[in-house]
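Down below is the structure, laid out as structure tokens.
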Amino acid sequence: MANDHIDLTVEPGEVHALLGENGAGKSTLMNQLYGLLQPDEGEILVDGEARTFRSPRDAIAAGIGMVHQHFMLVPVFTVAENIALGSERTRLGFLDRRRARREVLEVSERYGLPCDPDALVENLPVGAQQRVEIVKALTRDVDLLILDEPTAVLTPQETEELLTVMRGLCAAGKSIVFITHKLKEVKAIADRITVIRRGQTVGTATPDTPEDELAALMVGRAVSLEVAKEPAEPGREVLSITGLVVDDDRGVRAVDGVDLTVRAGEVLGIAGVQGNGQTELVEAVMGLRPVRTGSIQVDNEDLTAMSTKQILRSGVGYVPEDRSLDGVVKEFTVAENLVLDQYDREPYGNALRLDSAAVGTKARELVDEFDIRASSTGTAVGTLSGGNQQKVVVAREMSRPLRLFIASQPTRGVDVGSIEFIHGRIVRERDVGTAVLVVSSELDEVVGLADRIAVMYRGKVLAIVPPDTPRDKLGLLMAGITGDAPAAPVFEAGDSPASADEGTE
């Protein structure tokens, strides 16, 4: 049972946050409100009138729009074509493109949502694609807008822009249901908060409720919002990157002469505003992007010319930043996804056959160990919540012996309880002697996990600093500002931050 006698009231002009852990039933509830699913019991009232929604068309006609966690856009269509899709206006039997463009521009200007109607969606960054989804809903003249995990794939800057847009929409008289599990965002934007746990409403709260109380309501127990770890005991140098130069998809230099080392038993965190070469750096290490110059070695073994499969088989674990694109095969089952990088090796199979019994046994173990919420291991992974898909990826990569573990945005789209669990597993991996490289756009996550922090800006590593570096200094480095004073001290693995002069800028 995904939803169990849930009551929810949304008032005009308010942001109503729907808070809950992954798999709690938040998206299922909203999919019923949007006509994608039909309830077995209960009723939906719009302006006091009972309504039945057999499809999204019915919901849109009632003034309800929805922006899904995974965008419903056609990549090869323009912005105007995507927004016209489903409610096409024709002129002399042809799509009225001028009218579609005009509607995009009018709505964009009215609500402060800049969109280029002629841009191809596949060429837009994630934040811009989300604006397109919101504009698409607003062109239908909706009064209630449902935003399903809207910040899961956004940078901090894009998130702040979205919160500003939400405030503007409410000022214009729209109501918003904000589905999330990010406590800081809830406290920043919500007027009221409803908490759902395992399909039931467990309480309502106001934005001034302390974060630890909200977390406990979500998960059903006390949750530590800080990473618990002992000081690192670094060993041998495992990952060595020297003079690395990598281009992005446009042929523009994205990584510009990077030197980095990660030692056994330490976490190196990479901080920086997204788009400063972090993605290309990790993809180069994993053999997913060609290296122009430089070398990448793991335990003195050159990975530069290896395939991704060879790199994985050499003892490297990898959690990609986009799980839906690079982390899972949505049509495959949970069990199949948990052996994607070992399916042709004993005991799971060989070149000729897959041992379904062995795969199933291992999958059940990992589902229990990593608390993956699925009806069975035979469930298609694409039907799981985004956070549970992430746990499938993490479970797969941590289920084998590793020399190097690379996690790019490891807790993106994951609730506080699962964040606590994943952080704990990363620290445990470090403590058994694995070298760990973490890339995250969440500065709190980098500071909490890292034993050293490398700050990237425009493809270069500006500094390597300890995790107790003041946030304002980290922020300046992330903006490319090193100041006239000496650069932040550089610490090699094993050095104590306390050994540096007090007050070094």
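The values are calculated or read from the model by the stated rules, or taken from the named source; none is laboratory data. Quick caveat: nothing in here was measured; it's all calculated off a predicted structure. All Cβ positions, even for glycine, are placed from backbone atoms using ideal geometry, and neighbour counts span all protein chains on display.
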| field | Count of segment 309-330 residues which are within 17 Å of Leu437 (Cα to Cα) and either among the polar types (S, T, N, Q) or at pLDDT below 90 (or both) | value | 3
| task | Scan segment 392-428 residue by residue and report those that are without any contact (Cβ under 8 Å) to a residue 60 or more places away in the chain and more than 25 Å from Val273 (Cβ to Cβ). | result | Ala395, Arg396, Phe421, Arg425, Arg428
| Restricting the search to segment 414-447, which residues are among the small types (Gly, Ala, Ser), under 27 Å from Gly315 (Cβ atoms) and more than 14 Å from the chain's Cα centre (by Cα)? | Gly424, Gly433, Ala435
| request: Would you mind listing the strands (runs of 3 or more DSSP E) fully within segment 266-373 where at least 3 residues are among the β-branched types (Val, Ile, Thr)? | output: 293-298
| field | Matching residues, segment 36-66, being small (Gly, Ala, Ser) and either in contact with a strand residue (DSSP E or B) (Cβ under 8 Å, 6 or more places away or on another chain) or not assigned by TED's automatic domain parsing to the domain that holds Asp148 (or both) | value | Ala50, Ala59, Ala62, Gly63, Gly65
| task | Please determine, by comparing only the residues of segment 379-402 that are basic (Lys, Arg) and in a helix (DSSP H, G or I), which one is farthest from Ser418 (Cα to Cα). | result | Arg396
| task | Please find, within segment 479-505, the residue that is modelled with the highest pLDDT out of those that are surrounded by fewer than 19 Cβ atoms within 10 Å (Cβ to Cβ) and aliphatic (A, V, I, L, M). | result | Ile481
| query | Which one of these is exposed (fewer than 12 other Cβ atoms within 10 Å of the Cβ), among the polar types (S, T, N, Q) and either within 17 Å of Glu122 (Cα to Cα) or out of contact with any Phe, Trp or Tyr (no Cβ under 9 Å at 6 or more places or on another chain) (or both): Thr52, Thr78? | reply | Thr52
| task | Search segment 206-234 for residues that are under 24 Å from Arg263 (Cβ atoms) and pair each with any residue that is modelled with pLDDT under 85 and crowded, with 19+ Cβ neighbours inside 10 Å when their beta-carbon atoms are under 9 Å apart and the residues are at least 6 apart or on different chains. | result | Ala232/Ala493; Pro234/Ala493
| remark: Of the listed residues (Val10, Val67, Val76, Val104), the one being touching a helix residue (DSSP H, G or I) at 6+ places or on another chain (Cβ under 9 Å) and closer than 28 Å to Asn388 by Cα is Val67
| Does any residue in segment 48-61 that is touching a residue at least 24 places away in the same chain (Cβ under 8 Å) come within less than 7 Å, Cβ to Cβ, of a residue that is not in a helix (DSSP H, G or I) six or more places away or on a different chain, and which pairs are these? | Ala59/Tyr34; Ala59/Gly35; Ala59/Phe53; Ile60/Arg140; Ile60/Val142
| message | Checking the condition in contact with a strand residue (DSSP E or B) (Cβ under 8 Å, 6 or more places away or on another chain), surrounded by 16 or more Cβ atoms within 10 Å (Cβ to Cβ) and either over 28 Å from Thr304 (Cβ atoms) or without any contact (Cβ under 8 Å) to a residue 12 or more places away in the chain (or both), which residue from Val316, Val359 passes? | response | Val359
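Residue by residue, here is whether (1) of a type in the set (S, T, N, Q); (2) closer than 28 Å to Glu185 by Cβ; (3) in a loop (DSSP other than H, G, I, E, B); (4) in the same structural domain as Lys391 (by TED's automatic domain parsing) holds:
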| position | (1), (2), (3), (4) |
| --- | --- |
| His5 | no, yes, yes, no |
| Leu8 | no, yes, yes, no |
| Asn22 | yes, yes, yes, no |
| Asn31 | yes, yes, no, no |
| Ala335: farther than 20 Å from Val282 by Cβ and surrounded by fewer than 17 Cβ atoms within 10 Å (Cβ to Cβ), yes or no? | no
| remark: When restricted to Gly433, Gly417, Gly448, the only residue among the small types (Gly, Ala, Ser), assigned to a helix (DSSP H, G or I), assigned by TED's automatic domain parsing to the domain that holds Gly475 and at pLDDT 90 or above is Gly448
| request: Sort out which residues of segment 2-27 are closer than 23 Å to Val414 by Cα and in contact with a Gly (Cβ under 8 Å, 6 or more places away or on another chain), and write them in order of number. | output: Ala2, Asn3, Asp4, Ile6, Glu21, Asn22, Gly23, Ala24, Gly25, Lys26
| query | Restricting attention to segment 158-171, and to residues there that are over 10 Å from Gly112 (Cβ atoms) and not charged (D, E, K, R), which single residue is farthest from the chain's Cα centre (by Cα)? | reply | Ala171
| field | Verdict on Ala152 being within 24 Å of the chain's Cα centre (by Cα), farther than 30 Å from Asn300 by Cβ, of a type in the set (Gly, Ala, Ser) and modelled with pLDDT under 85 | value | yes
| remark: Residue pairs within 7 Å by beta carbon, gap of at least six or interchain, first lying in segment 267-291 and touching a residue at least 12 places away in the same chain (Cβ under 8 Å) and within 22 Å of Glu301 (Cβ to Cβ), second in a strand (DSSP E or B) and polar (S, T, N, Q), listed first then second, are Val282/Ser408
| note | Restricted to segment 201-226 and to residues being modelled with pLDDT of 85 or more and assigned to a loop (DSSP other than H, G, I, E, B), the residue farthest from Glu21 (Cα to Cα) is Asp208
